[in-house]
Amino acid sequence: MRARGPTTDIGKTLAGIGTVTAWNVIPRPLPAAERRRRLLSSIATHSMLIVSSLMFLLPMVFVVTTAVMTDRQSLTRQIWPNPFVWSNFLDVFERIELWRYTLNTMAIATLSTVGVVLSSVPVAYALSRMNWRGRQATFILVLATLMLPFQVTIVPLYVIFVRLDWINTLLPLIVPAFFGDAFSIFLLRQFFLTVPEELSDAARVDGASEWQIMTRVIVPLAKPAIAAVALFNFLYNWNDFFGPLLYLIGNNRLWTLGLALSEFRTMHHVEWNLTMAASLMFMGPVIVLFFLAQRVFVEGVTLTGVKG
Amino acid sequence: MSPWVIGFLTFILYPMVATFYFSFTRYDLLSSPEWYGIQNYVYMFTKDPNFWVAVRNTIWIIAFGVPLQIVLSIITAWMLTKPRRGMKIYRTIFFMPSLAPPVAVALAFVFIFNPRTGPINVVLNKLGWEDPPLWFFTAQWSKPAMLILTLWGIGGTMIIFLAGLLDVPQQLYEAAEIEGATGWQKFRHVTLPTISPVIFFSLVTGVIYGFQFFTQAYVASITVSGSSTSQAATSVGAPNESLMFYSVYLWQQGWGNFRMGYASALAWMMFLVTMVCTLILVKTSRRWVHYAGGGFR
């Protein structure tokens, strides 16, 4: 039964992205002229790709080289580090409380991700696998909030959190996540719709409640979509700057990495080497996550864009 | 459903209505809101020069940023469909930057584009340009530098276009070839119509995102002006208000100057403008967006 599930669909999309060769391969010997033409065009595409790859990589290269320079050298015109100061990566921990900021950021990102997944799965389920009056209208409402710029709600939200005395605590950045997130609901709903209705019917015949169908049938099948939602939320909260700027700026014990990065700026100059070393450590978890879950990322982005 | 309903009421509906109400008041958070009629809106349009600066800057970044982002995404995605080997490596290289934390990206680009010691100008010097631009340090070049920064992160859009390009049915190309279509004709009459929904999607999200552009501009401005976090309210927009984008201005008015009423008015105006832009795009899209299934997908 699993093999017929939606996982195969997504797998197919992915296979399509990974290899474009299927239609290119023609099983017959090619004339020499044609072979030469293909070789030339292959060299042309690869050189174009390599040049543009270098352009995309260059900023990262400069970040890395600067991160291992001395403070003095980072303020000169030299591009290559001399000497290499690997201890910069340790110095950051002494200069600012990098551990504290990492833990704060991690706490916000993890807890709000848990909240979004727990709260969005049931809503997406109700919007896709259950029939009730007003379902369509509710879905349109969810879509509408997707388009809503957050600036439209931010002032009263801030006022609410001031009244609750939640400013300078992590709560404003975590609690709302437990009430559902429009983007995640939308993505999960799109995925749930692809699960064949017969699966639910079979479970219903066996006397399963809607809750059981959701947790035992749909959620196991929807693991890739749930993983995508969790990744996107983690990443969003890890990278977020505006929220922490509003709610945490007055309490430097709760600062996130983003807020803390500006700490290297002193009155006279920016300590670029340490700033870049800390930036790299800020990017680190993102890069690791990406390589662990590259498929989920690519599928997820595709799912939101093409079928939106 | 019920947590979402509570969430929708407390975190979306009530705040929207409240923002609308606050936009007709003067409110500094300390005392209660004071009725101000339409004065916030009158001030915005007739007496506030900074509002128009923010609007112009935002239009600039959208007008250049969104089309460039779409064109470059299509080109990179199209290049990625070509090779038989190594596609995943290239895809990773193009995609990764879009995941990097905006704060880190902004700091990195301010450093790379440093007029005196940054690698970009060092290289430009070597290539014979004796007085290369001052980039983030001058109002004339700060927006182009910001544009380059945002274009570095086109990976997400590119991935969507890549999926769209790979979705184009091969029979269509073969049919076009039989008819004797040239490469450009195939692109114009086969590829473009098939990926037009993706173009439409990127246009709409690009315009909405343009109005929300904040973090990179904020970080770049306070870094070049060398101010501490407590002075941020006066230094955002630096140099010379050239990076004062709409959301940055909204933050400055609300959280720098504690003019919550005026910030609410700015937020509602932004909401209206993005809605109108989206509606215009939706209306015109019927003429150029082609849905393969015929209708909504």
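The values are calculated or read from the model by the stated rules, or taken from the named source; none is laboratory data. These numbers were taken from a predicted model, which means no experiment stands behind them. A quick note on method: Cβ atoms are made from the backbone with ideal geometry, for glycine too, and the neighbour counts reach across all protein chains shown.
Details
- A Cβ distance below 7 Å, combined with a sequence gap of six or more or placement on separate chains, defines the contacts here; from segment A:285-297, residues that are closer than 13 Å to B:Thr92 by Cβ reach no residue that is surrounded by fewer than 17 Cβ atoms within 10 Å (Cβ to Cβ) and polar (S, T, N, Q).
- Qualifying residue in segment B:135-144 (condition: within 10 Å of chain A (Cβ to nearest Cβ) and either in a loop (DSSP other than H, G, I, E, B) or more than 22 Å from A:Ala277 (Cα to Cα) (or both)): no
- Any chance B:Trp268 is farther than 22 Å from B:Gln140 by Cα, within 11 Å of chain A (Cβ to nearest Cβ), surrounded by 15 or more Cβ atoms within 10 Å (Cβ to Cβ) and touching a residue at least 60 places away in the same chain (Cβ under 8 Å): yes
- Checked against the criterion of being buried (at least 16 other Cβ atoms within 10 Å of the Cβ), modelled with pLDDT of 85 or more and more than 30 Å from A:Phe192 (Cα to Cα), the candidates A:Val68, A:Val116, A:Val123 yield just one match: A:Val68.
- If you check B:Gly226, B:Gly206, B:Gly210, B:Gly254 for being under 20 Å from the mean Cα position of the chain (by Cα) and within 11 Å of chain A (Cβ to nearest Cβ), only one passes: B:Gly210.
Here's the yes/no breakdown for (1) surrounded by 14 or more Cβ atoms within 10 Å (Cβ to Cβ); (2) among the aromatic types (Phe, Trp, Tyr); (3) out of contact with any strand residue (DSSP E or B) (no Cβ under 7 Å at 6 or more places or on another chain); (4) more than 11 Å from every other protein chain (Cβ to nearest Cβ):
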residue: B:Trp52; (1), (2), (3), (4): no, yes, yes, yes
residue: B:Tyr90; (1), (2), (3), (4): yes, yes, yes, no
residue: B:Ser98; (1), (2), (3), (4): yes, no, yes, no
residue: B:Ile112; (1), (2), (3), (4): yes, no, yes, no
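- Hey, A:Val195 of a type outside the set (S, T, N, Q), more than 13 Å from chain B (Cβ to nearest Cβ), within 19 Å of A:Leu127 (Cα to Cα) and not in a helix (DSSP H, G or I) or not: yes
- Those helices (runs of 4 or more DSSP H) of segment B:1-106 in which at least 1 residues are under 24 Å from B:Leu162 (Cα atoms), considering only elements entirely within it, cover B:49-80, B:87-95.
- Residue list for segment B:139-167, filter: more than 18 Å from B:Val105 (Cα to Cα) and of a type in the set (D, E, K, R): B:Asp167
- Residue identified as closer than 17 Å to A:Met283 by Cα, within 14 Å of chain B (Cβ to nearest Cβ) and in contact (Cβ under 8 Å) with a residue 60 or more places away in the chain among A:Leu58, A:Leu98, A:Leu118, A:Leu75: A:Leu98
- Note on segment B:151-201: residues that are within 13 Å of chain A (Cβ to nearest Cβ), among the β-branched types (Val, Ile, Thr) and in a helix (DSSP H, G or I) total 7.
- Matching residues, segment B:222-250, being modelled with pLDDT of 95 or more, of a type in the set (A, V, I, L, M, F, W, C) and part of a helix (DSSP H, G or I): B:Val248, B:Leu250
- Verdict on A:Ser112 being within 14 Å of A:Phe234 (Cα to Cα) and not aromatic (Phe, Trp, Tyr): yes
- Residues of segment A:152-172 that turn out to be on the phi < 0 side of the Ramachandran plot and either modelled with pLDDT under 90 or in a loop (DSSP other than H, G, I, E, B) (or both), as a count: 5
- Restricting segment A:264-306 to residues that are touching a strand residue (DSSP E or B) at 6+ places or on another chain (Cβ under 9 Å) and more than 8 Å from chain B (Cβ to nearest Cβ), the residue that is modelled with the highest pLDDT: A:Glu271
- Residue match in segment B:137-146 (condition: touching a Ser or Thr at 6+ places or on another chain (Cβ under 7 Å), surrounded by fewer than 22 Cβ atoms within 10 Å (Cβ to Cβ), hydrophobic (A, V, I, L, M, F, W, C) and over 30 Å from B:Leu166 (Cα atoms)): yes
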